[in-house]
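Beneath this line is the structure, given in structure tokens, with notes to follow.
The values are calculated or read from the model by the stated rules, or taken from the named source; none is laboratory data. Because the structure is a prediction, the values reported are computed rather than measured. All Cβ positions, even for glycine, are placed from backbone atoms using ideal geometry, and neighbour counts span all protein chains on display.
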Amino acid sequence: MKITILLVLLISFGASASIYSQNQRVSMQFEDATILEVLNEIKTQTGLRFIFNEDKIEGLQAIDLDVGNITVEEVLSEVFEETDLECKFQDDVIMIVERAPEPVIQDQQQQKEIKGTVTDDKGLPLPGVSVVIKGSNTGVSTDFDGNFSLELPDGEVTLVFSFIGMQPQEVLVTNQTELNITLTASTEQLAEVVVTTGYQKIDRKLFTGSATVLKAEEAKVAGVADVGRMLEGKVAGVSVQNVSGTFGAAPKIRVRGASSIYGDTKPLWVVDGVVLEDVVDISPDQLSSGDAATLISSSVAGINADDIESFQILKDASATALYGARAMNGVIVITTKKGRAGKNSIRVTSEFTMKMKPNYANYDILNSQDQMEMFLEMEENGWLSYADVMRSKDAGVFHKMYSLIESYENGKYGLEHTDEAKAGFLRRYERANTDWFDVLFRNSLQQNHSVSFSGGSETSKFYVSTSWLNDEGWTIADRVDRYTVNMRGDFDVTDKLTVGVQTKGSIREQKTPGTFNRSNDVVSGNYSREFDINPFSYALNTTRTITPYDENGNLEYVRMNYAPFNILEEYKNNYINLDVLDLSIQADLGYKFNKHLEYKFTGSMRYVKSSNEHIIKEGSNVVSAYNAGIDDPVISDANKYLWRDITYPNSRKISVLPNGGFYNKESNTMKNFYIRNMLNFNKTYNEIHSVNVMLGQELKYVDRQSDYFNGYGYQYNRGGTVFTDPNIIKSTNESGFSYFGMQEFRDRFVAAFANFAYSYKGKYTFNGTARVDGSNQLGQSKSARYLPTWNLSGKWNAKEEAFLYDVEWLSNLSFRGTYGLTASMGPANNASIVYRNAITTTPYDSEKQNAMFAASLENSELTWEKQYETNVGFDMSLFNRISLSVDAYQRKGFDLIAFVRTSGVGGEGWKFANYADMTSKGIEFSLGTRNVVGDDFNWTSNLTFAFNKNEITNLKNRPIVYDLVKAEGGALQGGPVRGLYSIPFAGLNEYGLPTFYDENGNITTQVYFQDNAISHLKYEGSIDPKVTGGFSNIFEYKNWKLNVFCSYQFGNKIRLYPSFHASYSDMDAITKDMKNRWLMPGDEEYTNIPVIASKELYDKYGYELESTYNAYNYSDQRVAKGDFIRLKEVSLEYRIPKKFLSKLGLSSASLKAQGTNLWLMYSDKALNGQDPEFFGTGGVALPVPKQYTFSLKLGF
């Protein structure tokens, strides 16, 4: 900002003239902080403005500050106590100037008085000008009217007038008694708050884009290890959905909604100027799948939150312009801490988190008594008979009962075959009411400890930190250990050359229940996961009539997959060990040719390796299933895990795993090299015209490799000796699968960019950016592979206009506008022809051959997805108490990649093409208020709100029914990116079966999920919320600080869990809705809950009945609103008073207690306890728990 404009602000009264700046009270806690950080915090809490020389401030050493509810004057006195600077106060402006020397008292006979006024070249008075007798320490400073008075010795004296931003001036005094001095402005700029884009730092008042700056202490949530989850509700326009709470699984994060139909929609993560590449590509739909790959989907899971200094969320085309064709989804920039000049310091943070186990009071599950009553009704309807149960795939209490009835030992049966005996046996299980949440979950302890060291001199600074996260497991089947290290050094080699080097690393060791990938059955309209032992899913889907232990305290087994099963035993024998190593090295170099021209270089190398070992031991249900029913012809034929040699079609099935278990391993490796060169020119002409020009280029190499190996016959109980039956290899080959494989991916990316910025007197700012990106992932043609993107933007700082100078209630007002073209790669990962090797599938091994096939044809014209974006906004502050930032935007996406039907020439019926279009629009705002400002008590509030709506305007896909009705939703022209559609329910028929309307309006019980006739489906709404935000209140009383934070979302629909089935076993849990089910003819007039189908009814309709009940699960009867208001965080912090710290040898200390995810204050009653964010898909997915955290922070 120009000095003349600042001086106008200086002599203007603040928005609230009744509050004197030095008497306002603040509370803050800093460790190893710069003076600039302290001043910015004071500005944030009070609205006060500062004028200072940035060079003078940057040279000061870092400080520790821990104050509660003291005046600004007291804070600044402590901050500048040991410096040669002092503060001058006038209303809402604070000037930091060099401390005036103490006047020297001289003999009165030798003195004469000189008075005068100092102004700038515009005639405005200059307060705080230093007036010193040259060669002495005698001097004064001008008052706020620019006046001064000084006693001088007789004779000729030279006075030196100096002021920040002005050229110093020397004046010879002989016989004058009054002086009028005019100082001219220098080219020196005054410091302002800056926005960091990852490429450059920009003065906030000159920044033309839409961005939110969030300090680490504002974002951090104690007890939450993944920093991606910390942004929920805290930034307007940023939506965070916790579709899985398991560590390492990324939440679904979107900045201003979705921008691609089938491509990636998550924002770009940037740490210290370098993009964090994903190890694996996980689509938004896959994030909620619960598959093991989601455990490495979070790019930031290896970052220690205590190493973060700030978040910068870049939202519009102007803010993200320098990222070009990778920034269509927004950018989140993380700046980590670095060393400060001054004394060395040590920071210690310890967090102890207790995760609370769930309970059935929150869920719609029948207790064991009601469940047993339903089982007995099923028995009356032909189910659970001896013949069916003893040969069923899954069975519980009734299987145990029939097994005892047929057992005969020591001259008597295990259980008499009488009604009284059977009733007596079932009574124990009727009363069991097993609390599976209590059995499988625990109130677990998570610890997170972090230590950092920092310090250095003016020319050499260092920062070193390490942390350890230990989570003993919310369930009995999981645990996590994470270790991080961060080392950084910044060196001023010469006045022109600066060098920075940093190394980051993290190691993760994680255990989860064993899982296989989820598969979709589009025939019956169901998804399934073989051998799913997810603790949360098990607790919700398993009857409470069975027990984990028998009456003697021994493990009690039921039947799953035709084999004995006990969930506790299974966790010991079926689990995943995940190891992740993440290392990076980064070097930054800067060279100043002169004060206007600077060169910057950034280079980094990152190596990531993940290893997923799926251990399946001999005692597991998985291995038992591969051996179950060999001696029972009925079970043998039904057991799909047994194998029949097709060479002998009449032979009986045999086991292909007679010895040992499975050792399945999957690895992912990534090597990333990044280089960037930039040249920056910055100059101000005549204190009016500010010009900034930046040129740069960057190069990215990413090599990824994924491989897998399925080991058969690994004998865990015999020291790891391998005994592989060749039949399992043969059966695998016959199925068309390979037991090992490897794939390599090469990602090459190059870009060149230029940025021009111009500001006139700090009032009018214009910015333009152009960039060209190229990637080998796209088509071979130059027009497809290379894409120019651009942006034009402007800003008007209206408050600095003359007609607003004296508007006391208006503290700040500025308007912004931007229009530009951004892009992304979409779902494209290769545009060349892809050949694959395979072995032909034939009945006989002698006929098998090596084969090569074209997996996909060349797509030379496949190019970038593009988007035009318009954004307008304003920032306003009132009375130094209220701050408001509002943005409205419109996006027009085109050339979006989607499948299109082809003629089939070449054997490819569907092909990726750039043809789809979509639009989105929205509005967002952040409102901050200082409600109460007192001597001991302060209350501040912050509200964020965002509305986003998108619509697909052109899409020629042909989805089937299942694509649109599943919980993840589907894409359809005229709808949102992911809309939820339902099969229209037509009521129950005379048998209590659900019926539906087909595409012709007819009522039927038969639904074909593979049908592409979809016009009759009912549109429910988007699965993504239209409205998101948060509301926080901070109350401070002396050294106490209370924070209450709520997050909310509205405007989306979610699919309820699929609870209804054509048939049930005595292992299935049943919801309380079943109490209102159809029981007899005529009930269809009063209820929409279908009947528990009798065996006779099931035999009549056959397998089609499965589709009928699944259609009910996907009907409009099984939809709820996704709206919620959640009490996300409540924390109480106490800062230890400074008078006690000195006695303990500490520079700072605080204690904090916090509750997270405490209460779902509002949600749709139809959810019946279902979390509106969690999909409940099993596998490794778990909901986010309620937890309590105690934190201790110490500074030395």
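Quick check, is residue 307 outside the structural domain of residue 43 (by TED's automatic domain parsing) and surrounded by fewer than 23 Cβ atoms within 10 Å (Cβ to Cβ)? No; evaluated as a whole, the condition is false for this residue.
Within the span defined as the range 1160-1181, every residue fails to be in a helix (DSSP H, G or I), polar (S, T, N, Q) and touching a residue at least 12 places away in the same chain (Cβ under 8 Å).
Within the range 664-678, how many residues are of a type outside the set (S, T, N, Q) and either surrounded by 20 or more Cβ atoms within 10 Å (Cβ to Cβ) or modelled with pLDDT under 95 (or both)? Here the count works out to 4. With respect to the conditions (1) basic (Lys, Arg); (2) closer than 30 Å to residue 811 by Cβ; (3) part of a loop (DSSP other than H, G, I, E, B), residue 958 lacks only one, and its number is (2). Filtering the range 464-522 to residues that are of a type in the set (Ser, Thr, Tyr) and surrounded by fewer than 17 Cβ atoms within 10 Å (Cβ to Cβ) leaves 483, 494, 503, 519. In the range 1129-1170, the qualifying residues are those that are of a type in the set (D, E, K, R) and modelled with pLDDT under 90, and the one that is surrounded by the most Cβ atoms within 10 Å (Cβ to Cβ) is 1138. Going through (1) hydrophobic (A, V, I, L, M, F, W, C); (2) farther than 22 Å from residue 694 by Cβ; (3) touching a helix residue (DSSP H, G or I) at 6+ places or on another chain (Cβ under 8 Å) one by one, residue 803 falls short only on (3).
What residue, of 461, 422, is in contact with an Asp or Glu (Cβ under 7 Å, 6 or more places away or on another chain), over 29 Å from residue 536 (Cα atoms), among the basic types (Lys, Arg) and modelled with pLDDT of 90 or more?
Checking each option against the conditions leaves just 461.
Can you confirm whether residue 714 is buried (at least 16 other Cβ atoms within 10 Å of the Cβ), within 33 Å of the chain's Cα centre (by Cα), in a strand (DSSP E or B) and of a type outside the set (A, V, I, L, M)? No, not satisfied. Is it the case that some residue within the range 343-355 is closer than 30 Å to residue 1070 by Cβ, outside any helix (DSSP H, G or I) and in contact with a Pro (Cβ under 6 Å, 6 or more places away or on another chain)? Yes. Determine which member of the set 517, 552 is in a loop (DSSP other than H, G, I, E, B) and closer than 25 Å to residue 397 by Cβ. Checking each option against the conditions leaves just 552. Residues that are touching a residue at least 24 places away in the same chain (Cβ under 8 Å) and of a type in the set (Gly, Ala, Ser) within the range 1129-1159 comprise 1131, 1145, 1147, 1148, 1149, 1150, 1153, 1155, listed in sequence order. Go through the range 923-946 and give me each residue that's under 25 Å from the mean Cα position of the chain (by Cα) and buried (at least 20 other Cβ atoms within 10 Å of the Cβ). Result: 924, 926, 944, 946. Checked against (1) part of a loop (DSSP other than H, G, I, E, B); (2) closer than 30 Å to residue 928 by Cβ, residue 1091 meets all criteria but (2). Considering the range 610-634 alone, what residues qualify as being over 30 Å from residue 508 (Cβ atoms), touching a residue at least 24 places away in the same chain (Cβ under 8 Å) and part of a helix (DSSP H, G or I)? Hits for the range 610-634 are 624, 625, 634. Are any of the residues in the range 926-937 part of a strand (DSSP E or B), more than 30 Å from residue 1125 (Cα to Cα), modelled with pLDDT of 90 or more and touching a Lys or Arg at 6+ places or on another chain (Cβ under 8 Å)? Within the range 926-937, none of the residues are part of a strand (DSSP E or B), more than 30 Å from residue 1125 (Cα to Cα), modelled with pLDDT of 90 or more and touching a Lys or Arg at 6+ places or on another chain (Cβ under 8 Å).
Checking 934, 970 one by one, the residue that is in contact with a helix residue (DSSP H, G or I) (Cβ under 9 Å, 6 or more places away or on another chain) and either on the phi < 0 side of the Ramachandran plot or among the hydroxyl-bearing types (Ser, Thr, Tyr) (or both) is 970 and no other. Output the residue which, of all residues in the range 159-190 that are surrounded by 16 or more Cβ atoms within 10 Å (Cβ to Cβ) and of a type outside the set (A, V, I, L, M, F, W, C), is modelled with the highest pLDDT. In this case the residue turns out to be 169. May I ask you to say which residue of 519, 524, 460 is without any contact (Cβ under 8 Å) to a residue 60 or more places away in the chain, of a type in the set (S, T, N, Q) and farther than 29 Å from residue 308 by Cα? When all the criteria are applied, what remains is 519.
With respect to (1) within 30 Å of residue 665 (Cβ to Cβ); (2) buried (at least 16 other Cβ atoms within 10 Å of the Cβ), the lone exception for residue 757 is condition (1).
Against the list (1) under 25 Å from residue 728 (Cα atoms); (2) surrounded by fewer than 16 Cβ atoms within 10 Å (Cβ to Cβ); (3) touching a residue at least 12 places away in the same chain (Cβ under 8 Å), the condition residue 596 fails is (1).
Got at least one residue in the range 731-743 being under 30 Å from residue 323 (Cα atoms) and either acidic (Asp, Glu) or assigned to a strand (DSSP E or B) (or both)? Yes, there is a match, as at least one residue in the range 731-743 is under 30 Å from residue 323 (Cα atoms) and either acidic (Asp, Glu) or assigned to a strand (DSSP E or B) (or both).
Do we have residue 496 as at pLDDT below 95 and out of contact with any Pro (no Cβ under 6 Å at 6 or more places or on another chain) here? The answer is yes for residue 496.
Each residue in the range 1004-1039 was checked for being modelled with pLDDT under 95, more than 21 Å from residue 945 (Cβ to Cβ) and of a type in the set (D, E, K, R), and 3 of them qualify. If only residues of the range 965-1024 that are among the acidic types (Asp, Glu) and free of Cβ contacts under 8 Å to residues at least 40 places away in the same chain are counted, the one that is surrounded by the fewest Cβ atoms within 10 Å (Cβ to Cβ) is 999.
Among the listed residues 538, 527, which satisfies the condition of being part of a strand (DSSP E or B), within 30 Å of residue 1102 (Cβ to Cβ) and not assigned by TED's automatic domain parsing to the domain that holds residue 295?
Working: 538 fails: part of a strand (DSSP E or B).
Among 538, 527, only 527 is part of a strand (DSSP E or B), within 30 Å of residue 1102 (Cβ to Cβ) and not assigned by TED's automatic domain parsing to the domain that holds residue 295.
Only a single item in (1) outside any loop (DSSP other than H, G, I, E, B); (2) at pLDDT below 90; (3) not β-branched (Val, Ile, Thr) is not met by residue 450, and it is number (2).
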